[in-house]
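Participant: Have a look at this one.
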Amino acid sequence: MINIKKANEVLDKALHYITAEKFSEDEKSAVVLDAVNNFNNHLNPGWLKYRKSVSTDEAAVELTDYGSYCVDLYGNEFIDCLGGFGIFTFGHRNPEITKYVEAQLKNRQALHSQELLDPLRGYLAQAVASITPGDLQYCFFTNGGAEAVEMALKLARLATKKSWIISTLNGFHGKTMGALSVCGKDVYRKPYLPMLQHTAHAIFGDIDDLRKTVVKLKKTGEEIAAVIIEPIQGEAGIIMPPAGYLQAARALCDEYGICLIFDEIQTGMARTGTFFRCEAEGVTPDILTFGKAFGGGVLPITGIIARPHLWVKEIEDNPWILGSATFGGNPVCCAAALAAINYMVKYDVPKMVREKGFYLKNGLKKLWEKYSKIIVDVRGTGLMLGVEFIKSEVGYCVAKGLFGRKVMTAGTLNNASTIRFEPPATMSYEDFDKVLERMDEALSDTKKEFNL
Ligand SMILES: Cc1ncc(COP(=O)(O)O)c(C=O)c1O
């Protein structure tokens, strides 16, 4: 219902929240109350059920962030091991990234004219080609991960003139219709059936099953456009494929003329200790998707890079056939991505990730030894680590215990059997020690609570 008085009231409060230097105690309470009420009345009451931030007496409302910390309205600093599910590899509002974004906004432009040539888009494409293996060359920039996956799927179909797409069980590629079609979890797909036609799923990490899936389709006269794989499954709970799986998938795709897509939205940008995971595996996919940390933890920008043989004449003849996202690759987001790549290369973030990942994983493994009745596995590589618990309720209890001790991790009530650790590469060793100490305490409490 149109109510200008109400709109003005809300806008005054929101704009004050953005610009105020300080808040009185009454103002803080009012913001917390407004946040809870607005989530309940205008977003989705269900969201609150799954937030550990509302599991305490008073909901934790975020105010600001920096480095490895998220800070709430009351000044509580949470060590961020959730890392925005992979966004904050370079920390929160890294000044060496924000300075270029601010300069771009202040001195140049935020969005492009849509007619003149925007040079940052070109520089960014060239920079991406310079940090990805093989002959990956042509980029298309988008705004979100799922959108990048859509472009990858469409490009594979367009370039190969074939239709089937094979993905993996439990895989996650986003929730738009095409991306969801190649996801491998019933819970997300079922309400939207039928999904995109001509999609099949193979068991992740099982090259024989992938081969069988390909052969069955071929023997029945079907044509396969692409195989799409996460080099390490993130959302599924940090599942690493066996050594050689990705290379074997490459060989299989070459044998049958299938386009190989690696979805590196989570594993890319140094998260696992190399610029992209495919580098560590010695495989060049035909299409690579990137996102999350690509915007430097400051702005949203995602995209794909493809090998030249896929950039078929049809795309040249009609450059908008693949996509024409109004905001995709806009200058201010390109500035963030360029600054992120610059930071990653200048400070050798992959090395940072390898060293700190080794340190954190070792610490977690020691806790596994100490709490072997609670933890069943510690896995992953670089700073993409997972700790698996005997059951989801136990995992949730540990995640909640950590949250109460001001450490954020990626484990929800929805499914906390595996808690994910994806902290910034810039996190100090002192903070890693604090995380491990607090995890020890949370595990000890959990042990008592569940009588283990
Ligand atoms: C591997 C992978 N692909 C795609 C996506 C979807 O990205 P977005 O949430 O930005 O649409 C995600 C998100 O977690 C992801 O991990």
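The values are calculated or read from the model by the stated rules, or taken from the named source; none is laboratory data. As the structure is a prediction and not an experimental result, all values here were calculated from the model. Positions of Cβ are generated from backbone atoms using ideal geometry, with glycine treated the same way; all protein chains shown enter the neighbour counts.
Participant: Only one of these conditions is not met by Gly83: (1) of a type in the set (Gly, Ala, Ser); (2) within 16 Å of the ligand (Cβ to nearest atom); (3) without any contact (Cβ under 8 Å) to a residue 60 or more places away in the chain. Which number is it?
Facilitator: Of (1) of a type in the set (Gly, Ala, Ser); (2) within 16 Å of the ligand (Cβ to nearest atom); (3) without any contact (Cβ under 8 Å) to a residue 60 or more places away in the chain, only one is false for Gly83: (3).
Participant: Which one is modelled with the lowest pLDDT among residues in region 44-71 that are more than 23 Å from the chain's Cα centre (by Cα) and either over 20 Å from Cys397 (Cβ atoms) or not assigned by TED's automatic domain parsing to the domain that holds Ile419 (or both)?
Facilitator: Going through the qualifying residues, I end up with Glu58.
Participant: Right, something else. Report yes if Glu222 is among the acidic types (Asp, Glu), over 19 Å from Pro423 (Cβ atoms), assigned by TED's automatic domain parsing to the domain that holds Pro300 and in contact (Cβ under 8 Å) with a residue 24 or more places away in the chain, otherwise no.
Facilitator: Working: among the acidic types (Asp, Glu): yes; over 19 Å from Pro423 (Cβ atoms): yes; assigned by TED's automatic domain parsing to the domain that holds Pro300: yes; in contact (Cβ under 8 Å) with a residue 24 or more places away in the chain: yes.
Spelling it out, Glu222 is indeed among the acidic types (Asp, Glu), over 19 Å from Pro423 (Cβ atoms), assigned by TED's automatic domain parsing to the domain that holds Pro300 and in contact (Cβ under 8 Å) with a residue 24 or more places away in the chain.
Participant: I've got another one for you. Sort out which residues of region 281-303 are more than 16 Å from the ligand (Cβ to nearest atom) and over 22 Å from Lys162 (Cα atoms), and write them in order of number. Full working, then the answer.
Facilitator: Taking region 281-303 as the starting set, the residues that turn out to be more than 16 Å from the ligand (Cβ to nearest atom) are 282-284, 286.
Selection gives Gly282, Val283.
Participant: Please determine whether any residue of region 190-202 is buried (at least 21 other Cβ atoms within 10 Å of the Cβ), more than 16 Å from the ligand (Cβ to nearest atom) and closer than 16 Å to Pro231 by Cβ.
Facilitator: Yes, the conditions are met somewhere in region 190-202.
Participant: Take Cys81 and tell me if it is modelled with pLDDT of 95 or more, touching a Lys or Arg at 6+ places or on another chain (Cβ under 9 Å) and not aromatic (Phe, Trp, Tyr). Lay out the reasoning, then the answer.
Facilitator: Values: modelled with pLDDT of 95 or more: yes; touching a Lys or Arg at 6+ places or on another chain (Cβ under 9 Å): yes; not aromatic (Phe, Trp, Tyr): yes.
Spelling it out, Cys81 is indeed modelled with pLDDT of 95 or more, touching a Lys or Arg at 6+ places or on another chain (Cβ under 9 Å) and not aromatic (Phe, Trp, Tyr).
Participant: With respect to Ala293, determine if the residue is of a type outside the set (D, E, K, R) and without any contact (Cβ under 8 Å) to a residue 60 or more places away in the chain.
Facilitator: So Ala293 fails the test.
Participant: Could you tell me whether Gly205 is within 15 Å of the ligand (Cβ to nearest atom), assigned to a loop (DSSP other than H, G, I, E, B) and over 25 Å from Ile315 (Cα atoms)? Walk me through how you get there before you give the answer.
Facilitator: Values: within 15 Å of the ligand (Cβ to nearest atom): no; assigned to a loop (DSSP other than H, G, I, E, B): yes; over 25 Å from Ile315 (Cα atoms): yes.
So Gly205 fails the test.
Participant: If you check Leu153 against the conditions, is it within 20 Å of Cys253 (Cβ to Cβ), within 15 Å of the ligand (Cβ to nearest atom) and surrounded by fewer than 21 Cβ atoms within 10 Å (Cβ to Cβ)? Show your work before the answer.
Facilitator: Details: within 20 Å of Cys253 (Cβ to Cβ): yes; within 15 Å of the ligand (Cβ to nearest atom): yes; surrounded by fewer than 21 Cβ atoms within 10 Å (Cβ to Cβ): no.
It is false that Leu153 is within 20 Å of Cys253 (Cβ to Cβ), within 15 Å of the ligand (Cβ to nearest atom) and surrounded by fewer than 21 Cβ atoms within 10 Å (Cβ to Cβ).
Participant: Another one. Inspect all residues belonging to region 96-109 and state whether any of them is surrounded by 20 or more Cβ atoms within 10 Å (Cβ to Cβ), modelled with pLDDT of 95 or more and under 18 Å from the mean Cα position of the chain (by Cα).
Facilitator: no
Participant: Another one. Among the candidates Ala293, Ala335, which residue alone is within 17 Å of the chain's Cα centre (by Cα) and assigned to a helix (DSSP H, G or I)? Walk me through it before giving the result.
Facilitator: Details: Ala335 fails: within 17 Å of the chain's Cα centre (by Cα).
Step by step, each of Ala293, Ala335 is checked, and only Ala293 is within 17 Å of the chain's Cα centre (by Cα) and assigned to a helix (DSSP H, G or I).
Participant: Another question, if that's okay. Scan region 129-146 and tell me whether some residue there is away from the ligand (no atom under 16 Å from the Cβ), acidic (Asp, Glu) and touching a Pro at 6+ places or on another chain (Cβ under 9 Å).
Facilitator: Looking through region 129-146, at least one residue is away from the ligand (no atom under 16 Å from the Cβ), acidic (Asp, Glu) and touching a Pro at 6+ places or on another chain (Cβ under 9 Å).
Participant: May I pose another question? Which condition number does Glu235 fail, the rest of (1) at pLDDT 95 or above; (2) within 11 Å of the ligand (Cβ to nearest atom) being met?
Facilitator: So the condition that Glu235 fails would be (1).
Participant: Checking the conditions here, which among Ala306, Ala270 is of a type in the set (A, V, I, L, M), within 16 Å of the ligand (Cβ to nearest atom) and within 22 Å of the chain's Cα centre (by Cα)?
Facilitator: Working: Ala306 fails: within 16 Å of the ligand (Cβ to nearest atom).
Among Ala306, Ala270, only Ala270 is of a type in the set (A, V, I, L, M), within 16 Å of the ligand (Cβ to nearest atom) and within 22 Å of the chain's Cα centre (by Cα).
Yes or no, residue by residue, for (1) within 16 Å of the ligand (Cβ to nearest atom); (2) hydroxyl-bearing (Ser, Thr, Tyr); (3) touching a residue at least 60 places away in the same chain (Cβ under 8 Å); (4) in contact with a Leu (Cβ under 6 Å, 6 or more places away or on another chain):
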{"position": "His112", "(1), (2), (3), (4)": "no, no, yes, no"}
{"position": "Leu116", "(1), (2), (3), (4)": "no, no, no, no"}
{"position": "Tyr123", "(1), (2), (3), (4)": "no, yes, yes, no"}
{"position": "Arg157", "(1), (2), (3), (4)": "no, no, yes, no"}
{"position": "Ser163", "(1), (2), (3), (4)": "no, yes, yes, no"}
{"position": "Ala179", "(1), (2), (3), (4)": "yes, no, no, no"}
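Participant: Still on this structure, please answer the following. Restricting attention to region 253-285, which residues are under 13 Å from Ile224 (Cβ atoms) and assigned to a loop (DSSP other than H, G, I, E, B)? Talk me through it step by step, then tell me what you get.
Facilitator: Here is the first cut: in region 253-285, the residues under 13 Å from Ile224 (Cβ atoms) are 253-261.
Hits for region 253-285 are Gly257, Ile258.
Rundown of residues vs (1) at positive phi; (2) of a type in the set (Val, Ile, Thr), yes/no style:
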position	(1), (2)
Gly184	no, no
Tyr188	no, no
Lys212	no, no
Val215	no, yes
Ala225	no, no
Gly234	no, no
Gly237	yes, no
Gly244	yes, no
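Participant: May I pose another question? Can we say Arg250 is farther than 20 Å from Thr142 by Cβ, in contact with a Ser or Thr (Cβ under 9 Å, 6 or more places away or on another chain) and either within 11 Å of the ligand (Cβ to nearest atom) or charged (D, E, K, R) (or both)?
Facilitator: Values: farther than 20 Å from Thr142 by Cβ: yes; in contact with a Ser or Thr (Cβ under 9 Å, 6 or more places away or on another chain): yes; either within 11 Å of the ligand (Cβ to nearest atom) or charged (D, E, K, R) (or both): yes.
Considered against the rule, which asks whether it is farther than 20 Å from Thr142 by Cβ, in contact with a Ser or Thr (Cβ under 9 Å, 6 or more places away or on another chain) and either within 11 Å of the ligand (Cβ to nearest atom) or charged (D, E, K, R) (or both), Arg250 comes out as yes.
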